[in-house]
Each structure stands twice: as C-alpha cells, then as structure tokens.
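Shown next, in structure tokens, is the structure this report addresses.
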Amino acid sequence: MVKFTGAVPVLTAVDVRADVAFWVGTLGFEEDFVEADFAGVRRGDVHLFISRTEHQIVADNTSAWVEVTDADELFAEWSRVVSTDYADTSGPAMTEVGESPAGREFAVRDPAGNCVHFATGS
C-alpha cells in the first residue's frame, strides 16, 4: 500500500523575493532556493514554496495549514515580531491563538496576502 510522506503548500506572491524575506528574516525559516518566479523556504520538516502571480487576488485567496508541536509557543515567538491586529490589513499580522476543530491554532497573513494556519492537533 502506498504511504503518503509529505506535502508542500504553494503560496503565491506578486513579489516572491519580498515574501521570502518575511518568511526567512521575520519568521525564522531558511531559504532553500530563490528564483525570480519561484522560491522555497523551510523550517524543521516543513517546506513552503512561493510562486509568482501577476494578480494580487490570487495571493489574497491562498491559504495553507501547517501542523506544529506547540502553537502557543510558536505564537509567543512570532508575536514579538508580527502584529496581532489581524483586522489591520496594511501588512503582515497574526490572529490570536485559540481552539478550532484542528486543535490549538492561529493564522499568519504574510506580506503577499497568503493566510497560513499553524495548528497543534487536539
């Protein structure tokens, strides 16, 4: 029987390099590769690809879920460098951490407009 061993969410951005700078410089991911239209970043065993789009509406409607071992600890780390005022759409922001069907989770809106949820299963 085939076993699935991983997946790589693909985020989108009008400016791929600027989005990579946020994931690496602000959130502590490492750069795997960066080209003009496509990039890869990683943290631990999680890889994210970022693909260029010409239309902001694409990034504004792109989302992903990432499982982590401790959403509360990650939220505490990132809340020191990312706004927790998610209603302010002028830049990157995070929701507060809380309960959801996925367990403890919060969402990050990156500079490109992607919404990435980080969840610790219940």
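At 222 nm, what value in deg cm²/dmol follows for the chain if DSSP H runs of at least 4 each add -39500 (n - 2.57) and the sum is divided by all its residues, to the nearest 500? Don't jump to the answer; show the numbers that get you there.
Numbers: 3 runs with 19 residues, N = 122.
Roughly -3500 deg cm²/dmol at 222 nm, from the helical runs in the chain.
Could you order the peptides 22-31, 101-110, 75-84 from most to least packed, using the average number of other C-beta atoms within 10 Å per residue?
With the highest mean Cβ count within 10 Å placed first, the list reads 101-110, 22-31, 75-84.
Fully extended, how many nm does the chain gain between SER100 and ALA21 (0.36 nm per residue separation, minus their Cα-Cα distance)?
Fully extending the segment from SER100 to ALA21 adds 25.5 nm.
Would you mind calculating the gained length between ASP70 and ASP45 on full extension (0.36 nm times residue separation, minus the Cα-Cα distance), in nm to one decimal?
On the way: separation 25, 0.36 × 25 = 9.00 nm, distance 1.45 nm.
Difference between extended and current length: 7.5 nm.
Taking a spot 7 Å from the Cα of VAL14 along the direction of its beta carbon, which residues of segment 48-73 have an amide N less than 16 Å from it?
Within reach of a label on VAL14: 51-62.
Which whole number of Å³ per residue matches the convex hull of the alpha-carbon atoms in the chain? Write down the numbers at each step before the final one.
Numbers: hull volume 15.0 nm³, N = 122.
Here the figure is 123 Å³ per residue.
Might you report the magnitude of the Cβ-based charge dipole of segment 10-120 about its Cα centre, with Lys and Arg at +1 and Asp and Glu at -1, to the nearest 20 debye? Numbers along the way, then the final one.
Values: 7 positive and 21 negative charges, 25 e Å.
Value, rounded to 20: 120 debye.
Where a number appears in this text, it was derived from the coordinates with a stated rule and is not lab data. Fair warning: this is a prediction, and the values are worked out from it, not measured in the lab. Cβ coordinates were reconstructed from backbone atoms using ideal geometry, including for glycine residues, and neighbour counts include every protein chain displayed.
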